[in-house]
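The values are calculated or read from the model by the stated rules, or taken from the named source; none is laboratory data. These numbers were taken from a predicted model, which means no experiment stands behind them. Neighbour counts run over all protein chains shown; Cβ positions are idealised from the backbone, glycine included.
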């Protein structure tokens, strides 16, 4: 019974913390971490450094882009924020050595043109978008994967209306993205992409989008859920 009791205590967070404070245990743990690391492993880019590079590509300084920004009040102010969102400059993002950075859907960011934005009744942005042939499938219509990428980008841009320093600062990451395809969208046509935030919290956001043709017919709908990945405040 005694060994079992010691095992139970070792699993207790309080006991584990006190054990780690012992020099011998701390040294052993450090050696284990070092042994698991590999010098050949490629360095990872943190979300924070990625965001800083994105602002540099957009010629926007991080401090003025967030901390000095007033919350929008009118639709005109919302539209201005949408047009100047760092997301729209994603195609200018480069690698550390200055070479062009190739990414899936890279040009969608710049080709989504905000035409209306508002905070009422929900934060929302409407975009115009041209279905270029590069987004089409073999049948000449908008590819389903391209449509989901368009919605991924467009709905995420709506966060520009509500994000601030310490609140959805890193734009979050996708948790769910569901698209329903109702009508074909032939290559070459112009469409509108209406996106809005349905529910917003500190950790989760739920958004939806609708793509329409020039007749107002619904082509594709989308529901997009994201998780906040901002680092905890110290």
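Values for this structure:
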read-out	value
Selection status of residue 127, buried (at least 17 other Cβ atoms within 10 Å of the Cβ) and part of a helix (DSSP H, G or I)	no
Close pairs (7 angstrom Cβ cut-off, 6 or more residues apart or separate chains): free of Cβ contacts under 8 Å to residues at least 12 places away in the same chain in region 94-107, loosely packed, with under 12 Cβ neighbours inside 10 Å and part of a loop (DSSP other than H, G, I, E, B) anywhere	101/95
Test: residue 143 is more than 24 Å from residue 228 (Cα to Cα), touching a residue at least 12 places away in the same chain (Cβ under 8 Å) and surrounded by 15 or more Cβ atoms within 10 Å (Cβ to Cβ)	no
Failed item in (1) loosely packed, with under 12 Cβ neighbours inside 10 Å; (2) in a loop (DSSP other than H, G, I, E, B); (3) modelled with pLDDT of 80 or more, with residue 76 passing the rest	(2)
Hits in region 169-195 - residues which are crowded, with 19+ Cβ neighbours inside 10 Å and within 17 Å of the chain's Cα centre (by Cα)	169, 171, 172, 195
Lone unmet requirement of (1) assigned to a loop (DSSP other than H, G, I, E, B); (2) at pLDDT 75 or above for residue 44	(2)
Options 148, 156; residue that is closer than 17 Å to residue 88 by Cα and either more than 9 Å from the chain's Cα centre (by Cα) or part of a helix (DSSP H, G or I) (or both)	156
Region 93-110 - residue that is surrounded by fewer than 17 Cβ atoms within 10 Å (Cβ to Cβ) and not in a loop (DSSP other than H, G, I, E, B) and, of those, modelled with the lowest pLDDT	94
Of residues in region 210-220 being in a strand (DSSP E or B) and without any contact (Cβ under 8 Å) to a residue 40 or more places away in the chain, the one surrounded by the fewest Cβ atoms within 10 Å (Cβ to Cβ)	218
Matching residues in region 160-181 - criterion: being in contact (Cβ under 8 Å) with a residue 60 or more places away in the chain and over 17 Å from residue 113 (Cβ atoms)	163, 164, 165, 166, 167, 168, 169, 170, 171
Selection status of residue 113, under 19 Å from the mean Cα position of the chain (by Cα), at pLDDT 95 or above and surrounded by fewer than 17 Cβ atoms within 10 Å (Cβ to Cβ)	yes
Which numbered condition residue 138 fails, given (1) under 19 Å from the mean Cα position of the chain (by Cα); (2) free of Cβ contacts under 8 Å to residues at least 40 places away in the same chain	(1)
Subset tally (residues that are touching a strand residue (DSSP E or B) at 6+ places or on another chain (Cβ under 7 Å) and in contact (Cβ under 8 Å) with a residue 40 or more places away in the chain) for region 182-209	17
